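A short worksheet on the structure shown next.
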Amino acid sequence: MLKIAIRFLSYDKPKSIGALAGIVISIFLVGQQLGIFLFLTGAMKSIVENNKQYIWVVDSKTDNANSLAKLDVRIGRQLVSLPGIQSVHAVVLAAAGAKFDDGKTAAMTLIGSQAPSFVGGPWNLYEGTRAEDMLPEGAIITEFFDTKIFGDLAKGEYFELNGRRVYNAGLTRGVRGFGGAPYAFTTIERARAIGNFSEDEASLFLVEASADANPADVIASINATIDGVRAWDGETFAATTVATVLSSSGIAISVGSLILFAIISGFVIIGLTLYSSAIDRLRDYGTLKAMGASNGYIARLILSQAGILAICGFLLGRLLVEGFRQGVSNAGVMFKYPMSIQVGFFILTLFIALGGSIFAIRKISRLEPAQVFRG
């Protein structure tokens, strides 16, 4: 049957290529939109995702890591006194305006963490940069993909941040925030000084539970003991942050509608193409039925053609999607397709191809063999 299916496809190459193009375009559009969605959701939760091993303590009304209220530093001392807590690390997020030697200006979100552990501090360090490089006076670590925004700022180059003289002490690569100014890193003391942040306040506390403590019990203890704050498991807070942002924006609807449109387009294109091809080959299908081929056989033959198109379309579409992913990663839009999504691409391809073949199957199933031999 496979040989016959290939012959049917090769008989009318333009239609076969058209159906294949429909699948490839659909897979590419779906992959493109999913990739952008993965990047955006990753940016939404990046600060939590890169510190998810800690218990997050934030303001009691906060359910979005991108919008944090200030906390009294005395809360940190209260946390240390609770059982099951090994260490507590204050982190400051402060807004700052940068001015560069070429006259360009840009906004930054300074993430200040405590030496020497720098918990909550820089991640994805690049080109030999170390967290300790933030220790010298005026040292700031910036993001490689924001270099153009920062006036082609080179490593070691000085600039102004809220009127203070600082310098670019190193780079991260792939640190992306959501909706606000790009992330930059420094010590907690410098972040407070530059961002006009009171020494009596912090943005959040990252809590490390003792080795013999159950993190869930520690979280429950914090929430029951300290007023005005809420403790979160890192994974839960990351998921909640994404859900909060998506529910308050049109991102999910926009991406979802484009994906749905791509699926429908592919379904219609391959459906109409296979239907048109079946019409052109009515005599061949009628001959097969006259020779004793059942409707089941004819259906399997058409599904085999759709399956061949699906496999070829998936391979080509997946190649284009990977090319897109590699291309945008060079501009700082970095993401990865989990294995579950890659499997989903193949299932989607089969759905589009096999589902679209229903139009042709219904037409041929109703065909009487005698019809093709009349006048």
Relative to the Cα centre, what is the charge dipole magnitude of the chain, using +1 at the beta carbon of each Lys and Arg, -1 at the beta carbon of each Asp and Glu, and rounding to the nearest 20 debye?
-> 2460 debye
For the chain, return all DSSP H helices satisfying: extent of Cα atoms along own axis at least 30 Å; mean Kyte-Doolittle hydropathy at least 0.0.
-> 13-44, 251-280, 295-329
Out of these labelled values of volume of the Cα convex hull per residue in Å³, (1) 169; (2) 184; (3) 137, which was calculated from the coordinates shown here?
-> (2)
List the lysines whose alpha-carbon lies under 22 Å from that of Lys104, not counting same-chain residues fewer than 8 positions away?
-> Lys148, Lys155
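What FRET efficiency comes out for the pair Phe351/Ile17, r = Cβ-Cβ distance, R0 = 30 Å, nearest 0.05? Each step should come with its number before you reach the end.
Details: r = 21 Å, r/R0 = 0.69.
Efficiency at R0 = 30 Å is approximately 0.90.
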How large is Rg/Rh for the range 104-180, to two decimals, with Cα atoms and a Kirkwood Rh?
-> 0.92
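Looking at the range 192-351, I'd like the Rg to Rh ratio, where Rg is from alpha-carbon atoms and Rh is Kirkwood's inverse mean 1/r.
Working: Rg = 27.5 Å, Rh = 22.1 Å.
Rg divided by Rh gives 1.24.
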Listed by chain and number, the aspartates and glutamates with an alpha carbon less than 19 angstrom from that of Lys61, same-chain partners under 8 positions apart left out, are Asp72, Glu201, Asp227, Asp233, Glu235
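Accessible area, 1.4 Å probe, largest first: how do Val268, Val321 sort?
Working: Val268 65, Val321 0 Å².
I get Val268, Val321, largest accessible area first.
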Just going by the charge dipole of the chain, with Lys and Arg at +1 and Asp and Glu at -1 on Cβ, which of Thr244, Phe351, Val229 is farthest out on the positive end?
-> Phe351
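I need the calculated FRET efficiency for the pair Ala193 and Thr225, taking r as the beta carbon distance and R₀ as 56 Å, to the nearest 0.05. All intermediate terms of the calculation are to be shown ahead of the outcome.
Working: r = 32 Å, r/R0 = 0.57.
My answer for the efficiency is 0.95.
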Debye-sum result for the range 21-179 in log10 I(q)/I(0), which assumes one identical scatterer on each alpha carbon, at q = 0.20 Å⁻¹ = -1.37
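Would you mind calculating the gained length between Asn124 and Lys61 on full extension (0.36 nm times residue separation, minus the Cα-Cα distance), in nm to one decimal?
Working: separation 63, 0.36 × 63 = 22.68 nm, distance 3.01 nm.
The Asn124-Lys61 span can extend by a further 19.7 nm.
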Report the calculated FRET efficiency for Met339 and Arg165 (r = Cβ-Cβ distance, R0 = 56 Å), to the nearest 0.05.
-> 0.70
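Given charges of +1 on the Cβ of Lys and Arg and -1 on the Cβ of Asp and Glu, with all other atoms neutral, how large is the dipole of the range 278-343 about its Cα centre, in debye to the nearest 20?
So the magnitude is around 80 debye.
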Using the Cα atoms of the range 291-341 to build a convex hull, what is its mean projected area in square nanometres?
-> 4.7 nm²
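Treating the beta-carbon of each Lys and Arg as +1 and of each Asp and Glu as -1, no other charges, what is the dipole magnitude of the range 126-194 about its Cα centre, to the nearest 20 debye?
Values: 9 positive and 10 negative charges, 31 e Å.
Magnitude of the dipole: close to 160 debye.
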The chain: relative contact order in percent, alpha carbon pairs under 8 Å with at least 6 residues between | 28 percent
If the label point sits 7 Å along Cα→Cβ of Lys3, residues of the range 274-307 with amide N under 17 Å come out as 301, 305
Surface share of carbon and sulfur [accessible, 1.4 angstrom probe, percent] for the chain = 58 percent
CD proxy at 222 nm, helix term only [per DSSP H run n ≥ 4: -39500 (n - 2.57); per residue of the chain; nearest 500] | -16000 deg cm²/dmol
Yeah, the range 62-145 with a ≥ b ≥ c from its alpha-carbon gyration tensor (a/c under 1.5 is rounded, else prolate when a/b outruns b/c, oblate otherwise) is prolate
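The values are calculated or read from the model by the stated rules, or taken from the named source; none is laboratory data. Owing to the predicted nature of the structure, the values given are computational and were not obtained by experimental measurement. Glycine also receives a Cβ, built like all others from the backbone with ideal geometry; neighbour counts cover every protein chain displayed. Quick note on the areas: whole protein, heavy atoms, side chains included, nothing else; ligands and nucleic acids left out. Shrake-Rupley method; radii C 1.70, N 1.55, O 1.52, S 1.80 Å.
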